[in-house]
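Presented below is the structure to which this report refers.
The values are calculated or read from the model by the stated rules, or taken from the named source; none is laboratory data. A quick note: this is a predicted structure, and the numbers were derived from the prediction, not measured. Because the Cβ atoms are built from the backbone with ideal geometry, glycine has one as well, and the counts that use them run over all protein chains shown.
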Amino acid sequence: MDRRVRPRRDFAALQKRRMQAADLFEQGVIPAEVARQVGVSHQIVSDWRAAWRRSGRDGLRGAGRAGRLPKLSRDQLASVERELLKGAEANGYPNDVWTLQRVAEVIDRLTGVTYHPAHVWSLLRQDLKWSWQRPARRATERHDEAIHQWVKQRWPVLKKGQGARTH
């Protein structure tokens, strides 16, 4: 499935466009021409013009950021990240692997803010710029030198033997 990520809106540029439209309204430019010059639909210009008539330029100012305010402040995020960098074992877990559930527990313990583990991933990825890592699974009895010798010496012999048998 192709998931497209929408670029973040540039609120300053959006407001600049609305103020450009206000300048054109003040000059008496017709809405169709305002729409063409500003690069928006005629309906948007109608909405802007109605707001401009009601409240002037203040009616076209942006409302600020869009969406819900974050639950955690920047300082809280920084303290969570410092705690995560200490490692899972330092936070009382039996091994040094961070799971989303564990991170959610640390956030709750440090800040009193609860997150569903499924949402913790977006917090880690977007706000803290962390990436997903999977621990390397290797046997403790692993003998790297023996593996290297097998790949260099034994495997070519086995490979040639199978190739020679093909008719």
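Inside region 91-115, can you point out the residues that are of a type in the set (S, T, N, Q), closer than 22 Å to Leu69 by Cβ and in a helix (DSSP H, G or I)?
Residue satisfying the conditions is Thr111 alone.
Is it the case that region 75-87 has a residue that's free of Cβ contacts under 8 Å to residues at least 24 places away in the same chain, assigned to a helix (DSSP H, G or I) and farther than 30 Å from Leu110 by Cβ?
Within region 75-87 (the criterion being free of Cβ contacts under 8 Å to residues at least 24 places away in the same chain, assigned to a helix (DSSP H, G or I) and farther than 30 Å from Leu110 by Cβ), the answer is no, since none of the residues qualifies.
Can you find a residue in region 89-97 that is within 22 Å of Arg8 (Cα to Cα), touching a helix residue (DSSP H, G or I) at 6+ places or on another chain (Cβ under 7 Å) and at pLDDT 85 or above?
Within region 89-97 (the criterion being within 22 Å of Arg8 (Cα to Cα), touching a helix residue (DSSP H, G or I) at 6+ places or on another chain (Cβ under 7 Å) and at pLDDT 85 or above), the answer is no, since none of the residues qualifies.
Within region 116-151, how many residues turn out to be of a type in the set (Phe, Trp, Tyr) and either part of a loop (DSSP other than H, G, I, E, B) or touching a residue at least 60 places away in the same chain (Cβ under 8 Å) (or both)?
Residues flagged as of a type in the set (Phe, Trp, Tyr) and either part of a loop (DSSP other than H, G, I, E, B) or touching a residue at least 60 places away in the same chain (Cβ under 8 Å) (or both) within region 116-151 amount to 2.
Can you tell me which residue among Val29, Val103, Val80 is farther than 18 Å from Leu123 by Cα and β-branched (Val, Ile, Thr)?
Testing whether each residue is farther than 18 Å from Leu123 by Cα and β-branched (Val, Ile, Thr) leaves just Val29.
Just one of the numbered conditions (1) in a helix (DSSP H, G or I); (2) farther than 20 Å from Arg137 by Cβ; (3) without any contact (Cβ under 8 Å) to a residue 40 or more places away in the chain is not true of Leu69; which one?
Tallying (1) in a helix (DSSP H, G or I); (2) farther than 20 Å from Arg137 by Cβ; (3) without any contact (Cβ under 8 Å) to a residue 40 or more places away in the chain, Leu69 fails exactly one: (1).
Using the structure shown, decide if Trp52 is surrounded by 17 or more Cβ atoms within 10 Å (Cβ to Cβ), over 20 Å from Leu128 (Cα atoms) and modelled with pLDDT under 95.
Considered against the rule, which asks whether it is surrounded by 17 or more Cβ atoms within 10 Å (Cβ to Cβ), over 20 Å from Leu128 (Cα atoms) and modelled with pLDDT under 95, Trp52 comes out as yes.
Working only within region 13-36, note down all residues that are in a helix (DSSP H, G or I) and β-branched (Val, Ile, Thr). I'd like the intermediate steps shown before the answer.
First, pick out the residues of region 13-36 that are in a helix (DSSP H, G or I): 13-26, 31-36.
Listed by number, the list holds a single entry, Val34.
Return a yes/no flag: does region 130-153 have any residue that is modelled with pLDDT under 90 and within 25 Å of Leu69 (Cβ to Cβ).
Yes; the residues of region 130-153 include at least one that is modelled with pLDDT under 90 and within 25 Å of Leu69 (Cβ to Cβ).
Assess whether Arg9 counts as being surrounded by fewer than 10 Cβ atoms within 10 Å (Cβ to Cβ) and either part of a loop (DSSP other than H, G, I, E, B) or at pLDDT 95 or above (or both).
No; evaluated as a whole, the condition is false for this residue.
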